[in-house]
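The values are calculated or read from the model by the stated rules, or taken from the named source; none is laboratory data. Keep in mind that this is a model prediction, so the values were computed, not measured. Counting neighbours? That spans all protein chains shown, and the Cβs are built from the backbone with ideal geometry, glycine included.
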Amino acid sequence: MKEITTKENLIKVLNFLDELNIKYWVDGGWGVDILTGKQNRDHRDIDIDFDGKYEGLLLKELINMGYKITTDWSPSRIELHHPQLGYLDIHPLIINEDGSAKQAAPDGGWYEFEAKWFTSAEFEGRVIPCISVEAQILFHSGYELREVDYIDLKNLESILNENNKRIDK
């Protein structure tokens, strides 16, 4: 099983999502790297938050592309694997009219997303929808952090410090 998703794998997945014309945001480790504008570490998977009303279409197209479901925690998340593109972890969202959203939690509750958490950043010469620094920091709590999480938090902190320097000027 391919255990690393490369920058090239990320770009192929994003091109695929753009072709499907589905609203999505990159979350997790790749989301942090998009916010920083560069790849900072290796990634096992690509986390994608997306408009849940397209879940059936997205799954059908991913399976047609060669992905196989490895973990199904519906309606919270589904993890898939592709022999060349690696792991993809998709999270369907219910998007509200005001731009906020919610995601089903595995325990039956809901994760609430504020509208301001949906943003974009430039990465590899293109603007990519992603989850904000504030939300990424919040999402790195409530579980035992791994080494990769500490790397992500350090990079998120550097973005905050850089933003504060700009404000102070």
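So, in segment 19-55, of the ones that are among the acidic types (D, E) and within 14 Å of the chain's Cα centre (by Cα), which residue ends up surrounded by the fewest Cβ atoms within 10 Å (Cβ to Cβ)?
Across segment 19-55, the extreme among qualifying residues is D51.
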Looking at Y87, Y67, which one is surrounded by 18 or more Cβ atoms within 10 Å (Cβ to Cβ), without any contact (Cβ under 8 Å) to a residue 24 or more places away in the chain and of a type in the set (F, W, Y)?
Y67
I'd like the residue in segment 127-169 that is in a helix (DSSP H, G or I) and of a type in the set (F, W, Y) and, out of all such residues, is modelled with the highest pLDDT.
Y150
Where L58 falls short, out of the listed (1) more than 28 Å from Y150 (Cα to Cα); (2) surrounded by fewer than 19 Cβ atoms within 10 Å (Cβ to Cβ); (3) of a type outside the set (K, R); (4) in contact (Cβ under 8 Å) with a residue 24 or more places away in the chain:
(2)
